[in-house]
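Reviewing the structure listed below.
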Amino acid sequence: MKAEDCPSDFQLDRYTLDELDEKKCEAIELHLAGCEACGVRFASMARSAEHLNQTYPTFSALDRALPGKRTRATRLRTRFWPIAPLLGAVAGLSLWWTVGPGPEVAAPQGGLRSKGTVNLSYHIKRGNRVFEGGRDESLMPGEAVQFGARIARAGYFAVLSLDGRGEATVYYPLGTHAASLPAGDHTLPLSTILDEALGTERVWGMLCDQPFELAPLRDALQEHGEDAIEGAGCQVDLLSFHKGASGALE
Amino acid sequence: MAEQRQELEWAYKKYGAIVARRACRLLGSEEAAWEAVHHVFLSLLERPAQFEGRSSMLTFLYEATTHHCLNQLRNQKTRSRLLLGRGSAQLTDGRLLPDDLSVLRQRLAQLPDELAQVAVYFHLDQMSYDEIAEVTGYCRRKVGQLLSLLREHEQEDRNES
């Protein structure tokens with residue numbers, strides 16, 4: 001138990017947040033310098049904060065990591081979806097899932113567009129069925145998609161989208177910066193349950209030579225549309241699908 | 001909506017680790033603690049009015065976290081998982097041992113709400129009367145009464161055991 005004059009965690013939190021006046025700050029600093037127990041406690045709180053901040057650095061990251069806990073208010077959609085076992089059960093599902101990377105990727109047509117060294121693909125989980133998404137695929141809210149990327153050279157990779165409402169989202173990776181990926185075929189580790197935003201959604205896979213932050217790019221995409229992607233000077237692949245209301249495919 | 005999200009991200013960046021640390025000590029599980037953090041911050045987005053009139057965001061988040069975690073400890077579905085779970089070694093700081101925390105959690109689940117809240121602030125956060133009064137909104141006198149009642153409860157527990 002702490003001594004009477006030891007600051008509580010509440011006081012130390014206020015001190016850390018710089019919410020105390022100068023006099024109280026000085027008193028706490030003086031106390032911490034002379035009280036070993038509080039020094040240890042304060043250091044422990046700092047270590048905890050560092051660990052916790054690293055675990056989920058943003059609320060969006062936490063929101064994505066807690067499937068089933070989200071509400072409509074968050075409008076975020078990503079969650080883990082173990083697609084690999086399903087892939088094994090579906091014979092001949094997809095060639096691109098298993099073949100090695102080519103030096104240059106041929107440009108698909110229609111809703112899929114490639115600009116050379118990066119090719120973005122996706123699979124759809126509809127009920128118990130898993131199949132590769134095609135160009136201008138019609139999807140429904142509640143269905144799951146998982147992206148894959150074939151990249152011909154190592155770089156920093158991210159997947160961003162602009163949905164039918166004009167809301168920009170980072171599909172991949174979690175965290176603050178683009179993921180460093182080697183050349184090859186990659187099944188991206190996160191899947192997404194599609195939300196209720198209807199309309200055409202465009203999804204960009206971006207491969208850059210340099211590391212880049214995701215939040216500024218997402219914000220620019222939301223504000224300026226695809227010009228933000230085009231202006232980044234990276235290798236880009238674009239695909240799109242149409243999200244209709246439930247029952248539209250029946 | 002975008003502006004609210006930005007404010008939420010700002011609040012999370014500033015206070016998220018504090019909420020997580022307290023929830024982890026209260027619930028004894030980092031997984032459950034993150035669910036608590038999620039709940040508390042999401043409620044800010046969904047019901048921003050609940051923060052109005054509060055002296056500070058920190059005070060509000062202390063109370064909201066305590067309230068949510070106590071509900072979790074009382075909840076039949078989550079209680080056994082939390083009470084039987086081991087405390088998070090990374091987030092204990094040596095003042096209360098994991099066994100002490102486990103006993104405290106079991107007691108909290110059984111106490112009336114007002115007493116449970118005061119017990120959290122007094123034992124877990126080791127707050128002064130003034131600080132407890134500030135976070136709960138109770139007057140100092142009521143805090144004193146509740147602490148006295150809490151002491152009686154704890155004495156009864158000790159006598160029974």
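The values are calculated or read from the model by the stated rules, or taken from the named source; none is laboratory data. What you are looking at is a predicted structure, and each value in this text was computed from that prediction instead of being measured. No Cβ is skipped: glycine too gets one built from the backbone with ideal geometry, and neighbour counts run over all protein chains shown.
Per-residue answers, yes or no, for (1) within 14 Å of A:Gly155 (Cα to Cα); (2) touching a residue at least 60 places away in the same chain (Cβ under 8 Å); (3) surrounded by 17 or more Cβ atoms within 10 Å (Cβ to Cβ); (4) touching a strand residue (DSSP E or B) at 6+ places or on another chain (Cβ under 9 Å):
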| position | (1), (2), (3), (4) |
| --- | --- |
| A:Ala197 | no, yes, no, yes |
| A:Glu201 | no, no, yes, yes |
| A:Cys208 | yes, no, yes, yes |
| A:Arg218 | no, no, yes, yes |
| A:Asp227 | no, no, no, no |
| A:Phe241 | no, yes, yes, yes |
- Message: Need the failing condition index for A:Gly133 against (1) more than 24 Å from A:Lys243 (Cα to Cα); (2) crowded, with 16+ Cβ neighbours inside 10 Å; (3) of a type outside the set (Asp, Glu), just the number.
- Response: (1)
- Query: From the set of residues in region A:126-145 that are over 25 Å from A:Val236 (Cα atoms) and touching a strand residue (DSSP E or B) at 6+ places or on another chain (Cβ under 9 Å), which is modelled with the lowest pLDDT?
  - Reply: A:Gly142
- Note on the structure: Scanning region A:25-57 residue by residue, those within 12 Å of chain B (Cβ to nearest Cβ), surrounded by 16 or more Cβ atoms within 10 Å (Cβ to Cβ) and under 17 Å from B:Gln126 (Cα atoms) turn out to be A:Cys38, A:Arg41, A:Phe42, A:Ser44, A:Met45
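Might you check whether a residue that is of a type in the set (Lys, Arg), in contact with a helix residue (DSSP H, G or I) (Cβ under 6 Å, 6 or more places away or on another chain) and either at pLDDT below 90 or within 23 Å of A:Glu213 (Cα to Cα) (or both) occurs anywhere in region A:59-69? Give the steps one after another, and end with the answer.
Within region A:59-69, the first condition is being of a type in the set (Lys, Arg), and the residues that meet it are A:64, A:69.
After this cut, where a residue has to be in contact with a helix residue (DSSP H, G or I) (Cβ under 6 Å, 6 or more places away or on another chain) as well, the list is A:69.
With the extra rule that they be either at pLDDT below 90 or within 23 Å of A:Glu213 (Cα to Cα) (or both), the set shrinks to A:69.
Scanning region A:59-69 turns up at least one residue that is of a type in the set (Lys, Arg), in contact with a helix residue (DSSP H, G or I) (Cβ under 6 Å, 6 or more places away or on another chain) and either at pLDDT below 90 or within 23 Å of A:Glu213 (Cα to Cα) (or both).
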- Task: Output the number of residues of region A:153-183 satisfying the condition of being among the charged types (D, E, K, R) and either farther than 19 Å from A:Glu223 by Cβ or surrounded by 22 or more Cβ atoms within 10 Å (Cβ to Cβ) (or both).
- Result: 1
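Residue by residue, here is whether (1) part of a helix (DSSP H, G or I); (2) more than 8 Å from every other protein chain (Cβ to nearest Cβ); (3) under 20 Å from the mean Cα position of the chain (by Cα); (4) hydrophobic (A, V, I, L, M, F, W, C) holds:
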{"residue": "B:Gln6", "(1), (2), (3), (4)": "yes, yes, no, no"}
{"residue": "B:Trp10", "(1), (2), (3), (4)": "yes, yes, no, yes"}
{"residue": "B:Ala17", "(1), (2), (3), (4)": "yes, no, yes, yes"}
{"residue": "B:Arg21", "(1), (2), (3), (4)": "yes, no, yes, no"}
{"residue": "B:Arg25", "(1), (2), (3), (4)": "yes, yes, yes, no"}
{"residue": "B:Ala36", "(1), (2), (3), (4)": "yes, yes, yes, yes"}
{"residue": "B:Leu42", "(1), (2), (3), (4)": "yes, no, yes, yes"}
{"residue": "B:Gln50", "(1), (2), (3), (4)": "yes, yes, yes, no"}
- Query: Hey, does region A:140-155 have a residue that's in contact with a Lys or Arg (Cβ under 8 Å, 6 or more places away or on another chain), more than 16 Å from A:Ala215 (Cα to Cα) and of a type in the set (Gly, Ala, Ser)?
  - Reply: yes
